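Only one structure is covered here, and it is reproduced in the block below.
The values are calculated or read from the model by the stated rules, or taken from the named source; none is laboratory data. Predicted, not measured: the structure shown is a model, and the values here were computed from it. We place every Cβ from the backbone using ideal geometry, glycine too, and count neighbours over all the protein chains shown. The protein model used for the area step is the full one, side chains on, heavy atoms only, and it has no ligands, DNA or RNA in it. Shrake-Rupley method; radii C 1.70, N 1.55, O 1.52, S 1.80 Å.
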Amino acid sequence: VLCGSSPSFMIQQVLHSKALYNRSQHEMPLKEFSLIESQLFLKKRSPSEVLDAHLMVGGIPEYLKWVRKGSSVFLGFCENSFKSGSFFSHEFERIFTSSLAGNKNYKEIVEFLATRRFATRNEILKHLKTESGGVLTTLLNDLELCGLITRYTPFNLAENSLLTRYAISDAYLQLYFKFIHPIRKDIDSGVFDKNPVSALNRDSLNKWLGFAFERFCRKHHRLFAKILGFESVQYRSGPFFSRAAQEQDSGFQMDLIFDRADKVITICEIKYSQGLIGKRVINEFENKLASFPLAKTRTIHRALITTEGADTSLINRGYFDRVITLKDIFDE
């Protein structure tokens, strides 16, 4: 039995090794827990708390073990992140001194991506001050195989499009760079030892959870295709963004689109919220549709994915064909 924490190493040095060619009999990649598995692991936690835990640290059992130690997921995270010597404050170093210690560029790429929501391949090349596209391809592939970063392209373009973006996909790393890394010196010196909750602004966390929820929905697109009833139809999925639209509005992006083989396009608006979503979302959605090139030539199926649901004013308008809530997401 051979095991390793670096997928790229196991693939290149074991599965593709000439010395071990055709000798492997069984491969078992260990994936993170699904949301339902995380719920089973976090016994007695509400769906809302389970979702927050999954968004904050992903489905890694070791990480979930630490956040469940508090009386709430929020307190468990604060206790184990903002006290000197705490688990999450030092996990970043452990990641890059084990399976990814062989090349300093792994860490440099991740740290560069942490300064922005995404970056193009050319921007990463420029940051590393190298012109070797082949070397960068290997580095990016390794980081993708490890589940630390992801590559995403507008659903309507080829994978090698110049609009392809790279972003950190690992939930813990996203959280680390946003809330732990900026105050790491204070954490290590014990500033928050007596009151670790004071280190985290709840409003900032909720805003961050909104972006994390968008990433979760894109990653688990098959779940939403099933909920919406077209999982048996072939489709391409992803966000939508274009140079033309973003020149007009730098924040423009359609969160999740399904381009379906049955000639329907399902557009999902994703909202993480502590309360019900009101009818204001209709204007936001209409403004995005105005910049969507296929809006007038294809049947548009509108879906709202939200944590809490829609209020009466939005439901009475009948604007969205389907409103998906946590009840649907946690329905096995």
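Do any residues in the range 68-96 that are within 15 Å of V50 (Cβ to Cβ) and assigned to a helix (DSSP H, G or I) have Cβ atoms under 7 Å from those of residues that are among the charged types (D, E, K, R) and open to solvent by 60 Å² or more (accessible area, probe 1.4 Å), where the two are at least six apart or on different chains, and which pairs are they?
G76/R68; G76/K69
Modelled with pLDDT of 95 or more, surrounded by fewer than 19 Cβ atoms within 10 Å (Cβ to Cβ), part of a helix (DSSP H, G or I) and not hydroxyl-bearing (S, T, Y): which single residue out of I187, I183 fits that description?
Exactly one residue qualifies, and that residue is I183.
Do we have any residue at all in the range 287-295 that's under 19 Å from E214 (Cβ atoms) and at pLDDT 95 or above?
Our first condition is that a residue be under 19 Å from E214 (Cβ atoms); within the range 287-295, this holds for 287-289, 291-292.
Checking the rest, the ones that are also at pLDDT 95 or above come to none.
No, every residue in the range 287-295 fails to be under 19 Å from E214 (Cβ atoms) and at pLDDT 95 or above.
State the number of residues belonging to the range 29-58 that are within 21 Å of D142 (Cβ to Cβ) and either surrounded by 13 or more Cβ atoms within 10 Å (Cβ to Cβ) or in contact with a strand residue (DSSP E or B) (Cβ under 8 Å, 6 or more places away or on another chain) (or both).
2
Are any residues in the range 303-319 surrounded by fewer than 17 Cβ atoms within 10 Å (Cβ to Cβ) and in contact (Cβ under 8 Å) with a residue 12 or more places away in the chain, and if so, which ones?
E308, D311, S313, R317, Y319
What are the residues in the range 301-320 that are outside any strand (DSSP E or B) and either under 13 Å from F224 (Cβ atoms) or among the small types (G, A, S) (or both), if any?
G309, S313, G318
So that you can scan it fast, the table gives a plain yes or no per residue for (1) free of Cβ contacts under 8 Å to residues at least 60 places away in the same chain; (2) of a type in the set (G, A, S):
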position: N141; (1), (2): no, no
position: G147; (1), (2): no, yes
position: Y152; (1), (2): no, no
position: S169; (1), (2): yes, yes
position: D188; (1), (2): no, no
position: N201; (1), (2): yes, no
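Identify all residues within the range 218-229 that are closer than 18 Å to M254 by Cβ and either out of contact with any Cys (no Cβ under 7 Å at 6 or more places or on another chain) or at pLDDT below 95 (or both); write none if there are none. Reasoning before the result, please.
Kept after step one, since they are closer than 18 Å to M254 by Cβ, are these residues of the range 218-229: 218-221, 224-225, 228.
Selection gives R218, K219, H220, H221, A225, L228.
Being open to solvent by less than 70 Å² (accessible area, probe 1.4 Å), closer than 19 Å to L145 by Cβ and over 21 Å from the mean Cα position of the chain (by Cα) is the filter here, so list the residues in the range 101-127 that pass it.
Across the range 101-127, the qualifying residues are A101, N103, N105.
Taking the range 6-28, which residues are open to solvent by less than 90 Å² (accessible area, probe 1.4 Å) and in contact (Cβ under 8 Å) with a residue 60 or more places away in the chain?
S6, P7, S8, I11
Check whether at least one residue in the range 200-214 is closer than 26 Å to N316 by Cα, among the small types (G, A, S) and within 18 Å of the chain's Cα centre (by Cα), and report yes or no.
Within the range 200-214, one or more residues are closer than 26 Å to N316 by Cα, among the small types (G, A, S) and within 18 Å of the chain's Cα centre (by Cα).
Please count how many residues of the range 274-286 are surrounded by 12 or more Cβ atoms within 10 Å (Cβ to Cβ) and either more than 24 Å from the chain's Cα centre (by Cα) or under 14 Å from F258 (Cα atoms) (or both).
3
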